Amino acid sequence: MPGGGCCPDCGSTELVEDSHYSQSQLVCSDCGCVVTEGTLTTTFSDEGNLREVTYSRSTGENEQVSRSQQRGLRRVRDLCRVLQLPATFEDTAIAYYQQAYRHPGIRAARLQKKEVLVGCCVLITCRQHNWPLTMGTICTLLYADLDVFSGTYMQLVKLLGLDVPSLCLADLVKTYCSSFKLFQVSPSVPAKYVEDKEKMLSRTLQLVELADETWLVTGRHPLPVITAATFLAWQSLQPSDRLTCSLARFCKLANVDLPYPASSRLQELLAVLLQMAEQLAWLQVLKLDKRSVVKHIDDLLQHRHMLVRKAFRDGTAELESQKREPQGQEQRQGKEEAGSSSLDLSERKRPPSPALLLPPCMLKPPKRVCPPPSVSTVTGDENISDSEIEQYLRTPQEVRDFQRAQAAAQAATNVPNPP
């Protein structure tokens, strides 16, 4: 090897490479000394300078990356490629996974939790970059349990101290509705049930915004509300053919799962629409119900803001105003009502006041479960304290008898036992 090292025995620089079996050796051509045998090197300069490199330096063994962590990193990359995320998203998700894996609680967790951790890192990355991705989508791809996923997600956010913004409701509606199989004719979807994607998406967004304005979304999972709004939007576009279709059949046609509370969210949305319909003159004479009001959703959404103000009162503002009213004003109102008691019944009639605009949890609060009273069994062998005995003493004679009994008991305890 000209220009390389020299032989340690004779000092010659004539070193040649000799392949002996599967190992490469450097041999001095003058004296036959084996200079190096099976040396592991990292760069060509190391080979030229005859620097031996250890196994840990050549392979990175000192980093101590376990098989489980290597498998998790591959899963993060594969999930990002399946979702067609940008390269920067993949790098951020891998960094989060490596940070989380350093914690002993994550490293010693079960395999199921480590599998879920992959999806949590990808979901956090997408939320931070405002990429519309739902937790249910990742659970479907990973075949993971939603409860385990949500618990691991909250633990990871708290563990790493991350600031994760909530997903925009409009983006979530667009992403969720795009997965519905109702936008092209197929053997499982009849032609009368096929709908234009843009029309259905626009009306669904309006219904979801209405639900948000009337406190139907606050503090609740958004997917059941979006499912109910999508169903109403789909029915209202062609009510003559679709009013007979139920929510369960709609989800089956769309090839999506029916969330458990979606039926309750549907009834709440219909109740809001009915209260809004009572404010329109041309709909008051029709005596609408929850089935027929779907035909007039287009009219109700056109005048949505005005109808919501007329149909509902602001419950929180009303409660604050009631607290600020002085007691003197209440007394004056009581005197006025007493003075007007002699008026005619027709003159004292007032139009019905609009309903309160409050969250459903305040309109229908859950009943508190009262714990059953503890049953104490009295046997008569319980110890009675002196203070409790004194409560039952009534006459001076009873007090003297009690003191005499106490003195006799004390004297009996002081008498020494006979030998």
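The values are calculated or read from the model by the stated rules, or taken from the named source; none is laboratory data. Being a predicted model, the structure only gives us computed values, none of them experimental. In this analysis, Cβ positions are derived from the backbone assuming ideal geometry, glycine residues included, and neighbour counts consider all displayed protein chains. Heads up: the accessible areas ignore ligands, DNA and RNA and are worked out on the full protein's heavy atoms, side chains in. Shrake-Rupley method; radii C 1.70, N 1.55, O 1.52, S 1.80 Å.
Observations
- Residues in the range 127-156 that are free of Cβ contacts under 8 Å to residues at least 60 places away in the same chain and either of a type in the set (Gly, Ala, Ser) or open to solvent by 30 Å² or more (accessible area, probe 1.4 Å) (or both): 19 in all.
- Hits in the range 237-254 - residues which are open to solvent by 10 Å² or more (accessible area, probe 1.4 Å) and under 21 Å from Leu301 (Cβ atoms): Leu237, Gln238, Pro239, Ser240, Asp241, Leu243, Leu247
- Pairs where the first residue, in the range 289-311, is charged (D, E, K, R) and the second is surrounded by 15 or more Cβ atoms within 10 Å (Cβ to Cβ) and not in a helix (DSSP H, G or I), C-beta under 6 Å, 6+ apart: Lys310/Gln279
- If you go through the range 94-126 and keep only what is open to solvent by less than 50 Å² (accessible area, probe 1.4 Å), more than 19 Å from the chain's Cα centre (by Cα) and of a type in the set (A, V, I, L, M, F, W, C), you end up with Ile94, Ala95, Ala100, Ile106, Ala109.
- Selection count where residues are buried (at least 23 other Cβ atoms within 10 Å of the Cβ) and of a type in the set (Ser, Thr, Tyr), scope the range 215-232: 2
- Here Tyr260 passes the criteria (1) over 29 Å from Lys310 (Cβ atoms); (2) aromatic (Phe, Trp, Tyr); (3) open to solvent by 10 Å² or more (accessible area, probe 1.4 Å); (4) not in a loop (DSSP other than H, G, I, E, B) except the one numbered (4).
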